[in-house]
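What follows is a single structure, written as structure tokens, with notes after it.
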Amino acid sequence: MTARNPSDPSRRRQEGPRYTNMQWYRMDLHLHTPASSDYEEPGVDYLDILREAHQKGLHIIAITDHNTVAGIAAVRREVEQLAMLERLNRIHPEEKARLDEYRRLGNEILVLPGFEFTATFGFHILAIFPPETTLRELEHLLLEMNVPADKLDAGSTEVGATVDVLTAYEMIDEAGGIVIAAHANSAHGVAMRGLPFGGQTKIAWTQDPHLHALEVTDLESTRRNATARFFSGTKPEYPRRMHCIQGSDAHRLRRHPEDRTRLGIGDRVTEVLLPEVSFQALKGVFLGTDFARTRPYRSAKEPFDHVQAAREQGPSIVQSFHESMDRRGGRLHAVLCDVVAFANTRGGTIYIGVGPNPRQPPAGVPDAESAIAMLKAEIAEKITPPLDVTVDELESQGKRIVRVVVPEGKDKPYALEQSKIYVRQEAETSLAVRDEIVQLVRSQLLAEMEREPAVQEPAPAPADELVETSVPTAPAGMVDPPRTGVEIVSVTERKGTRYYALRDLRNGNVVQNVTRSSARKLWRYAITQAEQAPVDPAQVNWKGNLGLWKKTSSRGNVHYDLVQRDAEGHLHVYYGVSEDGIHGPWQEVVGAEN
């Protein structure tokens, strides 16, 4: 079954990114059938499932029964039997009508085969495959993942001891499937809060390169701890930004009339921007870094505004905003500095034509085509080594916005005009100091060494023993420091000038010889506080050996100055810690939600 372009003009709206020959399509990649043992309407006809999907305006669906492909097998078997009767001229009129209906719906909807796999400890993973994938291939994969042969047709969520989460990701990916963590923030989800596993395990389960997307139930939530916002790439221990989509997880045709949480087909839909309706095009979206090509579908409201959603999150280590890119006033130069800084740090997105304040209307870019052409030329001419960025156009509140998507560079350090090396620290772009340049070079050399073929690969550590080496750890007996902000490690005085050594809590890197006059914003804040308002232990709000010294708020962003007392009674002060850096026992110190 393959889908054709819909003829309804209302389905071809081009809000969001402006791409040539691209259209928005609606998809629900999490549908169950009576082949799942917990399906709520076992008497439902499989053809009725396709009819309901078409009625809801869906263009792509995936059949994902629990640990079985019996549902998609039933559909294919019936279509094949009816087609054989047609070839033999033995088909009855009602059977011919049914076959024609299958064919019509198959031309309107791309039906993808798959399953919802239950990994070790009960975590659910969606595996979705090309339409030409055979049932034999899918069942063989299920058997390889230790689903018992006698349970292949049971459709049960309980199938015994299967493979672990990371192994399942890898096996599905290598088999050519799309790997999605099912209802990741909810029951049986790998990102659910309160999991009885170490933090490194949760990091591995949500950042693994074989995982393509997270299915979440709060995609449109504006809460600060919404799942998509959590996995936006700003948190130090979760640096990979994840594609987040939503699906109905329908176990019935239509939403339950008395329990609105029991959804039907198409009751929670994602729109995806594609050049064509195909599995390959869909997988390309999940493999790419353009996060504006999926959005929650809104049937009765304005389309989702990606730019406004980014402004609600505000400037960060992975995104920035510029109201214009005029040459006068250095505004174009500031954009180019951000491009270099993102490439040298973690990658990021730059929005031009809009300021960071979400309450202010966007200014827009009047001649976006010319602006894009000029910006591409400037990046190609002034940034070395060559950097492959994406420069395109989005729409927000009727205004045209230029967007620059910058990948993390593979050949660091990158420089503007041959000699100016910039880095990104939280929401600030700054010239790199000597120690940061050294660290960039060292990290590049290490990355190149890791890419060299090894004589013998060491066995990977179990999931619950994985070590995130980039996150600084504390000495024995102390709690790991917060994961954002800075710590003053030492201070020396030479010829009347104080020189500070500061530790970046995101990565543990120490920068030496920082003075108050040469310090960037966060560093200057820490130095000023240490000099003018040193910590008074009697005024700290202590929770054991951890304490809150100061809390500040600006434009809705909260920062903390935190303190830890070591075994010898010495104080370690962590300045400018953002909410992204709060973890473990520090949550109780600041009164944050777990």
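The values are calculated or read from the model by the stated rules, or taken from the named source; none is laboratory data. Because the structure is a prediction, the values reported are computed rather than measured. FYI the Cβ positions are ideal-geometry reconstructions off the backbone, even for glycines, and counts take in every protein chain you see.
Odds and ends about this structure:
- Residues of the stretch 313-350 classified as aromatic (Phe, Trp, Tyr) and either under 24 Å from residue 412 (Cβ atoms) or out of contact with any strand residue (DSSP E or B) (no Cβ under 8 Å at 6 or more places or on another chain) (or both), total: 1
- With respect to (1) touching a residue at least 60 places away in the same chain (Cβ under 8 Å); (2) within 17 Å of residue 358 (Cβ to Cβ); (3) part of a helix (DSSP H, G or I), the lone exception for residue 309 is condition (1).
Residue-wise test of (1) more than 30 Å from the chain's Cα centre (by Cα); (2) assigned to a loop (DSSP other than H, G, I, E, B).
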{"site": "30", "(1), (2)": "no, no"}
{"site": "37", "(1), (2)": "yes, yes"}
{"site": "43", "(1), (2)": "yes, yes"}
{"site": "48", "(1), (2)": "yes, no"}
{"site": "58", "(1), (2)": "no, yes"}
{"site": "76", "(1), (2)": "yes, no"}
{"site": "89", "(1), (2)": "yes, yes"}
{"site": "98", "(1), (2)": "yes, no"}
{"site": "126", "(1), (2)": "no, no"}
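- Identity of the residue in the stretch 208-231, in contact (Cβ under 8 Å) with a residue 24 or more places away in the chain, part of a loop (DSSP other than H, G, I, E, B) and aliphatic (A, V, I, L, M), that ends up nearest to residue 247 (Cα to Cα): 216
- The sole residue among 403, 434 that is touching a residue at least 24 places away in the same chain (Cβ under 8 Å), surrounded by 21 or more Cβ atoms within 10 Å (Cβ to Cβ) and more than 20 Å from residue 525 (Cα to Cα) is 403.
- The residues in the stretch 16-49 that are basic (Lys, Arg) and at pLDDT 95 or above can be counted, and the count is 1.
- Positions within the stretch 531-560 being part of a helix (DSSP H, G or I) and either buried (at least 18 other Cβ atoms within 10 Å of the Cβ) or not hydrophobic (A, V, I, L, M, F, W, C) (or both), in sequence order: 531, 532, 537, 539
- Each residue in the stretch 259-288 was checked for being of a type in the set (S, T, N, Q), in a loop (DSSP other than H, G, I, E, B) and either at pLDDT below 95 or crowded, with 20+ Cβ neighbours inside 10 Å (or both), and 1 pass.
- Filtering the stretch 416-440 to residues that are under 21 Å from residue 318 (Cα atoms), assigned to a helix (DSSP H, G or I) and hydrophobic (A, V, I, L, M, F, W, C) leaves 437, 440.
- Unique match (being of a type in the set (A, V, I, L, M, F, W, C) and farther than 18 Å from residue 436 by Cα) among 474, 501: 474
- Residue check for residue 568: of a type in the set (Asp, Glu), within 25 Å of residue 433 (Cβ to Cβ) and without any contact (Cβ under 8 Å) to a residue 24 or more places away in the chain: no
- Residue within the stretch 566-578 that is surrounded by fewer than 20 Cβ atoms within 10 Å (Cβ to Cβ), touching a His at 6+ places or on another chain (Cβ under 8 Å) and either among the acidic types (Asp, Glu) or at pLDDT below 95 (or both) present: yes
- Residue ID - farthest from the chain's Cα centre (by Cα), chosen from residues in the stretch 561-584 that are closer than 16 Å to residue 540 by Cα and part of a loop (DSSP other than H, G, I, E, B): 569
- Residue that is surrounded by the fewest Cβ atoms within 10 Å (Cβ to Cβ), among those in the stretch 289-299 that are under 22 Å from the mean Cα position of the chain (by Cα) and of a type in the set (S, T, N, Q): 289
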